[in-house]
1. Of the residues that sit in the range 69-94 and are in a loop (DSSP other than H, G, I, E, B), more than 15 Å from Val11 (Cβ to Cβ) and among the polar types (S, T, N, Q), which one is modelled with the lowest pLDDT?
2. Conditions: (1) hydrophobic (A, V, I, L, M, F, W, C); (2) assigned to a strand (DSSP E or B); (3) over 9 Å from the mean Cα position of the chain (by Cα). Val97 meets all but one. Number of the miss?
3. If I filter the range 90-119 down to residues being without any contact (Cβ under 8 Å) to a residue 24 or more places away in the chain and within 18 Å of Lys59 (Cα to Cα), which single residue comes out as surrounded by the fewest Cβ atoms within 10 Å (Cβ to Cβ)?
4. Quick check on my filter: what residues within the range 50-67 are in contact with a Gly (Cβ under 8 Å, 6 or more places away or on another chain), in a strand (DSSP E or B) and either at pLDDT below 90 or of a type in the set (A, V, I, L, M, F, W, C) (or both)?
5. As an exercise: evaluate Asp4 against (1) closer than 21 Å to Gly110 by Cβ; (2) touching a residue at least 40 places away in the same chain (Cβ under 8 Å); (3) in a strand (DSSP E or B) and give the number of the one condition it does not meet.
6. Filter the range 1-20 down to the residues that are surrounded by 12 or more Cβ atoms within 10 Å (Cβ to Cβ), within 14 Å of Thr71 (Cα to Cα), in contact with a strand residue (DSSP E or B) (Cβ under 8 Å, 6 or more places away or on another chain) and not polar (S, T, N, Q) and list them by number.
7. Here are the criteria: (1) more than 13 Å from the chain's Cα centre (by Cα); (2) surrounded by 11 or more Cβ atoms within 10 Å (Cβ to Cβ). Tell me which single one Leu70 does not satisfy.
8. State whether one or more residues within the range 19-40 are in a helix (DSSP H, G or I), closer than 22 Å to Gly109 by Cβ and of a type in the set (Val, Ile, Thr).
Amino acid sequence: MALDDIVRSAVGIANRQTAGLQGTVTHRIRTVDARGGTATASTKKRKGLIEDRTRRFQKDGVEVVSRTKLTFLSAVPVGDNDEFVLPSGETVVVLQVDKLVDPKASGGGGYLTEVWLGANDQGIKRGV
């Protein structure tokens, strides 16, 4: 068994073992029009690990603070303009997406997807 098969299997086991810990979020998949405006193209309910975790980093030349990290133990396509509605009802925007890429997955899929979220009042340029 190759290392990538072991990682794929381990992530699958982690997904099954943490199913009771995963919360449901609403993923608003956003599109950008020719003028740079955004609109919700579709919404999906997704299950993932929701962590209260603070992280500072640069986005669009502005220091931003993420207070929530979502971990999906599967490949989930997330765009820079997407939004999530947390179980609390709070709507947050995508600040950064990290994924562990699976070399055997088509379309650049990953073993897992981490999404750092924050409020949209931090001077972030949306839809550009």
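1. If we take residues in the range 69-94 being in a loop (DSSP other than H, G, I, E, B), more than 15 Å from Val11 (Cβ to Cβ) and among the polar types (S, T, N, Q), then Asn81 is modelled with the lowest pLDDT.
2. For Val97, the exception is condition (3).
3. Among residues in the range 90-119 that are without any contact (Cβ under 8 Å) to a residue 24 or more places away in the chain and within 18 Å of Lys59 (Cα to Cα), the one surrounded by the fewest Cβ atoms within 10 Å (Cβ to Cβ) is Asp98.
4. Residues satisfying the conditions are Ile50, Val62, Val64, Val65.
5. Failed condition: (3).
6. Val11, the sole residue that qualifies.
7. If we test Leu70 against (1) more than 13 Å from the chain's Cα centre (by Cα); (2) surrounded by 11 or more Cβ atoms within 10 Å (Cβ to Cβ), just (1) comes out false.
8. No, the range 19-40 contains no residue that is in a helix (DSSP H, G or I), closer than 22 Å to Gly109 by Cβ and of a type in the set (Val, Ile, Thr).
The values are calculated or read from the model by the stated rules, or taken from the named source; none is laboratory data. None of the values given here were measured: they were computed from a predicted structure. Virtual Cβ from ideal backbone geometry, glycine too; neighbours counted across all protein chains shown.
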